[in-house]
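Everything below concerns the one structure shown next.
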Amino acid sequence: MIKVSKFGGSSVADATQFKKVADIIKSDPDRRFVVVSAAGKRFSKDNKITDLLLLVNAHIQYGVDCTSLLASIEERFVEIARDLNLKFPVSEEFARFVDNLPNATPEFVVSRGEWFTGQLMAEYLGYPFVDAADVIVFHHDGTVDMERTQTRLREATVHTGGRFLLPGFYGSTVDGQLKLFKRGGGDISGAILARCIDAGLYENWTDVSGFLAADPRIVDNPRGIHRITFEEMRELSYMGASVLQEEAIFPVREVNIPIQIKNTNAPDDFGTIIRETANEHAREHLITGIAGKKDFVGIYVQKAHMSNEVGFVRRALSILESYGVSVEHIPTGVDSFSIVVNGADVKESIYSIVADIQRDIKPDSINVLPGLALISVVGRNMSRRAGTSGQIFGVLGEAGINIRMITQSSQEISIIVGVQNEDFEKAIHVIYDRFGDAVVVREQ
C-alpha cells in the first residue's frame, strides 16, 4: 500500500525532529512519498519560520531593514544542516534568496520556508526533491487545477523511481506565477498528492496523537478517538476540535482515501483514522466526541400563526444576510423560531438587526439571548440506542444546568445543546463523565 506521509512544522523544527522523521520513514517501506511544512517552533517562545518570513515580507513592503531577521532564519537552516552533516549549500542558496528579495513576490518569500526545509529533509532521507512549483498547478483564481496537477505528479513518480519529497503550502500557475495555499496548506498539499497518485493511506504527522473525545483543558485525560468518519470530524471541527485543516479533507474524501493522524513524538500511538465510513467493530463508543464554543447570541422571534405566513423566516434571515452575518442554527416551533449567530459577528449590529426585524416582519415579541454556549455531542452510534437524547438532557437537568436550545443534525450523528456561558465547562464535564466511556455492543 502506498502511503503519503505529511510532517507538520513541529515535526521538522530541528535536527532532533529530523531524526525522528527519518526513523518513521525507514520503519515502513510503504512510506515512499513525504510532504513537509516549514520548520516550526522548537520551544514555546520560539518562532515558526513561516511567521518570520511573513515578517520579512512586511519589512520589505515598508522599506524596513531586515538584515538581522534574515540572519536568524538562515541560522535555523544552517544549524540543521550542520547538526546532520548535510551537504546542501544553505548559505549559498540563502544568499541567492536574499539577492532576489528586491524583486520577489510575497508568495516567493513565504514559500522559501518549505523549500529550504524540504531540501534539507530530502537529502537526509536520501529522497529526490520535487519542487511543488513544478507539480502543484493553480488556476489564476487560486483553485487547484487537479487534472494538470495529477498528470505532473504521476510523471514525477516515474522520473524519481517511485519515491520523492515534496514541500507543502505552495505551487504555481501554468505560466509560473507562485501561489500559496491558506495557512496550514501543507495538509492540503499532502492530500492532493495522496489523491493524485492513488495512495492507500494519507498520514498526517503532527505533535498530537489524533483527536481526543473532549477538550483536555476542560476534561482531565479524555480518551483518544481511534476511528472517526469524515462527517463526525467535520461536526467536531466546526465546534473547535480542530487537528486537521478542513480543506485537506476533501481531496482524499472524494476518492475514499483514509487519513491517519499520527504523533511524530510518539509514533507507536495509534492516532486517529478518518474515513468515509467507519469499520464496524463488536464494541464501539456510544459518543465519538464532545466539542463546543462560547459567546453565541440567540435572537428569539415569536408571532402567533407564524406557520401560516409564507416567507416569514426567510425574511428574517434575509435581514441577517444584508448585514453579512452567518447563521449557525435555526431551532423552530409552531409560532416561534430562534436564530443563533456568533456573538462576534453581531457585536456592532445586533440592535440594528433587531430593529430591522421588528420593522419588516412585525413579530409579537423579539428577545436577544446573549452569552450562549453551544455544545455538540457527536457519535455515529447514538441513533442505534433509543433515548440517548433524553439521557443527555436528563443528566444536564440533574446537574442544575438550564438548556436554552436543542437541535439535532439531519444525519442523526450530533445533538447540539445551548447553555449559558457560565455553564459551559460544567456541562461538558457532566456529559463526558456520563457518556464518554459508554459503549454499544453490536450483534455478531
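The values are calculated or read from the model by the stated rules, or taken from the named source; none is laboratory data. Not measured: the values here are computed from a predicted model. Every residue, glycine as well, gets a Cβ built from its backbone with ideal geometry; the counts of neighbours run over all protein chains shown.
Residues considered: 51, 46. Of these, the only one that is in the same structural domain as residue 162 (by TED's automatic domain parsing) and under 26 Å from residue 173 (Cβ atoms) is 51. Tell me yes or no: at least one residue of region 230-242 is part of a strand (DSSP E or B) and in the same structural domain as residue 135 (by TED's automatic domain parsing). Within region 230-242 (the criterion being part of a strand (DSSP E or B) and in the same structural domain as residue 135 (by TED's automatic domain parsing)), the answer is no, since none of the residues qualifies. For region 81-101, a residue qualifies if it is closer than 30 Å to residue 61 by Cα and touching a residue at least 40 places away in the same chain (Cβ under 8 Å), and exactly one does: 101. In region 353-376, the residues that are in contact (Cβ under 8 Å) with a residue 12 or more places away in the chain reach residues that are assigned to a helix (DSSP H, G or I) and among the basic types (Lys, Arg) with C-beta atoms within less than 9 angstrom, at least six apart or across chains, in these pairs: 357/315; 360/315; 361/315.
Screening 368, 327, 340, 378 for residues that are over 28 Å from the mean Cα position of the chain (by Cα) and either among the aliphatic types (A, V, I, L, M) or at pLDDT below 90 (or both) leaves exactly one candidate, 368.
Tally the residues that are closer than 23 Å to residue 293 by Cα and either part of a helix (DSSP H, G or I) or in contact with a strand residue (DSSP E or B) (Cβ under 7 Å, 6 or more places away or on another chain) (or both), restricting the search to region 327-350. Going through region 327-350 one residue at a time, the tally reaches 16.
In region 326-352, of all residues being of a type in the set (Ser, Thr, Tyr) and touching a residue at least 24 places away in the same chain (Cβ under 8 Å), the one that is surrounded by the most Cβ atoms within 10 Å (Cβ to Cβ) corresponds to 338.
Of all residues in region 47-60 being in contact (Cβ under 8 Å) with a residue 12 or more places away in the chain and over 30 Å from residue 157 (Cα atoms), which is nearest to the chain's Cα centre (by Cα)? So the residue we want is 48. Of all the criteria given as (1) of a type outside the set (Lys, Arg); (2) assigned to a helix (DSSP H, G or I); (3) free of Cβ contacts under 8 Å to residues at least 40 places away in the same chain; (4) touching a Phe, Trp or Tyr at 6+ places or on another chain (Cβ under 9 Å), the one not satisfied by residue 25 is (3).
Selection over region 197-209 of residues that are over 14 Å from residue 36 (Cβ atoms) and surrounded by fewer than 24 Cβ atoms within 10 Å (Cβ to Cβ) gives a count of 7.
If you scan region 415-439, which residues turn out to be touching a helix residue (DSSP H, G or I) at 6+ places or on another chain (Cβ under 6 Å) and either more than 24 Å from residue 340 (Cα to Cα) or among the charged types (D, E, K, R) (or both)? If the condition is that a residue be touching a helix residue (DSSP H, G or I) at 6+ places or on another chain (Cβ under 6 Å) and either more than 24 Å from residue 340 (Cα to Cα) or among the charged types (D, E, K, R) (or both), then 434 is the only one that fits. Going by the conditions given, is residue 221 at pLDDT 90 or above, among the polar types (S, T, N, Q), assigned by TED's automatic domain parsing to the domain that holds residue 256 and more than 21 Å from residue 188 (Cα to Cα)? Against the criterion (at pLDDT 90 or above, among the polar types (S, T, N, Q), assigned by TED's automatic domain parsing to the domain that holds residue 256 and more than 21 Å from residue 188 (Cα to Cα)), residue 221 qualifies.
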